[in-house]
1. For the range A:313-339, enumerate the residues that are near RNA strand B (Cβ under 8 Å from one of its atoms) and open to solvent by 70 Å² or more (accessible area, probe 1.4 Å).
2. How many residues are near RNA strand B (Cβ under 10 Å from one of its atoms) and either among the charged types (D, E, K, R) or under 11 Å from residue A:277 (Cα atoms) (or both) when one looks only at the range A:12-26?
3. Residue A:238: in a helix (DSSP H, G or I), surrounded by fewer than 24 Cβ atoms within 10 Å (Cβ to Cβ) and touching a residue at least 40 places away in the same chain (Cβ under 8 Å), yes or no?
4. Are any of the residues in the range A:458-478 within 21 Å of the chain's Cα centre (by Cα) and either within 16 Å of RNA strand B (Cβ to nearest atom) or within 17 Å of residue A:213 (Cα to Cα) (or both)?
5. Since residue A:424 meets every condition but one in (1) open to solvent by 20 Å² or more (accessible area, probe 1.4 Å); (2) in contact with a strand residue (DSSP E or B) (Cβ under 9 Å, 6 or more places away or on another chain), which condition does it not meet?
6. Taking the condition of being near RNA strand B (Cβ under 7 Å from one of its atoms), open to solvent by 60 Å² or more (accessible area, probe 1.4 Å) and not basic (Lys, Arg), how many residues in the range A:116-154 meet it?
7. Restricting to the range A:85-115, name every residue that is surrounded by 18 or more Cβ atoms within 10 Å (Cβ to Cβ) and among the hydroxyl-bearing types (Ser, Thr, Tyr).
8. From (1) within 13 Å of RNA strand B (Cβ to nearest atom); (2) without any contact (Cβ under 8 Å) to a residue 12 or more places away in the chain; (3) open to solvent by 40 Å² or more (accessible area, probe 1.4 Å); (4) out of contact with any helix residue (DSSP H, G or I) (no Cβ under 8 Å at 6 or more places or on another chain), pick out the condition that doesn't hold for residue A:372.
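The values are calculated or read from the model by the stated rules, or taken from the named source; none is laboratory data. Since the structure is predicted, the reported quantities are computational estimates derived from the model, not experimental observations. With ideal geometry, Cβ positions are generated from the backbone for all residues, glycine too; neighbour counts draw on all protein chains shown. Heads up: the accessible areas ignore ligands, DNA and RNA and are worked out on the full protein's heavy atoms, side chains in. Shrake-Rupley method; radii C 1.70, N 1.55, O 1.52, S 1.80 Å.
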Amino acid sequence: MNSQGVTPQSEDYARWYNDVVLKADLAEYAPTPGCMIIKPYGYELWEGIQDALNRRFKETGHRNAYFPLLIPMSFIQKEADHVEGFAPQLAVVTHGGGKELEEPLVIRPTSETIIGHSFAQWIHSYQDLPLLINQWANVVRWEMRPRLFLRTREFLWQEGHTAHATEAEAIEETMRILDIYADVAANEAAIPVVKGRKSNQEKFAGAEASYSIEGMMGNKWALQSGTSHHLGQNFAKAFEIKYLSKENKLEYCWTTSWGVSTRMVGAIIMAHGDDKGLRLPPRLAPIQVVIVAIFKNESEKETVLAAVHRLRDLLAAAGVRVHVDAREGMTPGFKFNDWEMRGVPLRMEVGPRDLAQGTVLLSRRDLPGKEGKEPVPVDGLVPVVERRLAEIQAGLLERATQLRDANLHEARSLAELGEIVADGWALVSHCGTAECEAKIQEESKASSRCFPLDLNEEWYPKGKTCAICGKPAQGLAYFARAY
RNA sequence: CGGAGAGUAGCGCAGCUGGUUAGCGCGCAGCGUUCGGGACGCUGAGGUCGCCGGUUCGAAUCCGGCCUCUCCGACCA
């Protein structure tokens, strides 16, 4: 990373990503190994995601609650697959108050167990169902290879946990949440994700079925950006989550869990960013409009700043997130680059020249050079700004959708799959077995992303076989390089 | 945890076949000139040379161990 600009994507995509995170001031490395410090600008972006999700969760009847960070070791061990899946990643507290603990405490890698314990106490009757709980929390997983926002040992997320009377209701909930995730991705983050079912190998430890949203990043790699799990009665049985039915019969509940993490910030960076830095979707951008005040001397400064503050108040009153850059001692050109790095969707240049004409100069982050610039009369500015923000939001989604659709290709053999995943996603008729999946990964470095829901009307379609091994196909699956 | 690379000022780096007081560029502070696409001059602040140990009259420099970061694998939101 040089002092100005970032490593070009074409030169080294991974470096580009790191450069952008650091130079756009989203986060930095922490002194704690594998951990990151989320800086205010990055955290504000996360808050935007939180708001978008929270609103939808509450609209669908979920309530927020909070459970302990520390979980008794014995809890983790109650669900067999769950232990097996998470044991290697656990951070364990063995001492407290200067003494060795009777029972080690696990720092939660996820909270199915401790929440399941509470659910067992909270639920007695069918009238207590469905129970729809979400928590905003940090979790710890001892990852081997951390990457800013994409995989850190501690990360922030929301984890929803619900209990239902019937399997059908639990599945409905799992899908409802998957739809919410896809909606937030597309309509807030401007990332057109693929909704699909995870293979048996990729599913959550302890789930009956896992579903995910998969986004395509700028380098055509896939990023799992949210997951929704149908847990069947696995955790209900492990934690005795039972209810009395109308018929006075004691039944196990059906539960779900689902999560979106700060990884979504990484998705936004990689789905939209370019060689000038971040490009933020207006709906999530902490700053939607930055006003760069341009002046040469004291008298110009006075008139320009007065006008700038008036414009700021006007936009703020209309609900636009606006920031004034009146820093002195740096040239406008420097500031332009600076705000472009930070991905602010709209820049407004206001100087003596504009004021004389009764206009301001709007510049769009998503359109390069002159194409994205237009003088706009101060009268009637607000509706134009609102329209441009909406256009940028739509434009980013449109561009990301084109990128995705142009890079989805059907593969009829392992060789074809290998060629496709070098620069795209391969759709393949697939058996879904561990052996076949491992073989594909070995040959192509691509992993099974999901069986897309919209392309799999039925599972195990008659007569269809796996394009790789010839066994009966479970359905059509996407394979791609992934983070 | 396997393979590769790297840790010297906030960032990017030089110095490394041992030898005064550890440099350069950017950034930072002050002053002045600038200001519509990454300005310039002067002055200045800023360092346990990743950590521990060893060799030596003397270690950023040589040796050993450890830690951390980046990239590629295995693992994952």
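1. A:328, A:329, A:331, A:334, A:337
2. 9
3. Yes: the conditions hold for residue A:238.
4. yes
5. Condition (1) is where residue A:424 drops out.
6. 1
7. A:110, A:111, A:113
8. Exception for residue A:372: condition (3).
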